[in-house]
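The values are calculated or read from the model by the stated rules, or taken from the named source; none is laboratory data. No experiment lies behind these values; they were computed from the predicted model shown. Because the Cβ atoms are built from the backbone with ideal geometry, glycine has one as well, and the counts that use them run over all protein chains shown.
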Amino acid sequence: MRITIASRFEELEKVVDAAESFYASLLSDSDRVFVGVLLVSEAVSNAIEHGNGNDPSKRVTIEFRHDDSRTECWVEDEGDGFDRDAIADPLASENLLEDGGRGIFLIERMADEVVYENGGRRIGIVLTI
């Protein structure tokens, strides 16, 4: 399944609905379904805000895939990408009161595998079945 949206937060509901249908059809544990939906919505939010700079003329593409052992969600934006190593640790004492910086942390902590491609413009989130 593939969805392409404009970089507007109003479009996020479509993605959440699609993610919920996708994960609910494959995962028997409702907690894992919640995790999948949360991680996809976080990745898409990051793509809209940070990747595409809230520019509605730019698109975010979301692709869901699965096989017998795993689910994959790929989120790609049209921005400049980012260097994963340059993202500050949100648990460091100097960052604890910062407003942002927790999305990537959550994705990496809760997913079974995370893959960055295309200079950070594309992220793959893997959950095992």
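Exactly one residue among PHE34, PHE22 is in a helix (DSSP H, G or I) and surrounded by 19 or more Cβ atoms within 10 Å (Cβ to Cβ), and that residue is PHE22.
Mind listing just one residue for me: the one in the range 90-122 that is assigned to a loop (DSSP other than H, G, I, E, B) and at pLDDT 75 or above and, of those, surrounded by the fewest Cβ atoms within 10 Å (Cβ to Cβ)? Among those residues, the one meeting the criterion is ASP112. Close contacts from the range 110-123, counting a first residue that is in contact (Cβ under 8 Å) with a residue 24 or more places away in the chain and under 17 Å from ARG59 (Cβ atoms) and a second that is loosely packed, with under 15 Cβ neighbours inside 10 Å and of a type in the set (Lys, Arg), with Cβ to Cβ under 9 Å and a gap of 6+ residues or different chains, come to GLY120/ARG84. Within the range 62-88, restricting attention to residues that are crowded, with 17+ Cβ neighbours inside 10 Å and part of a strand (DSSP E or B), the residue that is nearest to the chain's Cα centre (by Cα) is VAL75.
Taken together, the criteria exclude ASP89 from residues that are among the acidic types (Asp, Glu), without any contact (Cβ under 8 Å) to a residue 60 or more places away in the chain, out of contact with any Lys or Arg (no Cβ under 7 Å at 6 or more places or on another chain) and closer than 15 Å to THR4 by Cα. Checking GLU10, GLU42, GLU49 one by one, the residue that is in a helix (DSSP H, G or I), of a type in the set (Asp, Glu) and over 20 Å from TYR116 (Cα atoms) is GLU10 and no other. In summary, ASP83 fulfils each of the numbered conditions (1) within 17 Å of GLY124 (Cα to Cα); (2) out of contact with any helix residue (DSSP H, G or I) (no Cβ under 7 Å at 6 or more places or on another chain) with the single exception of condition (2).
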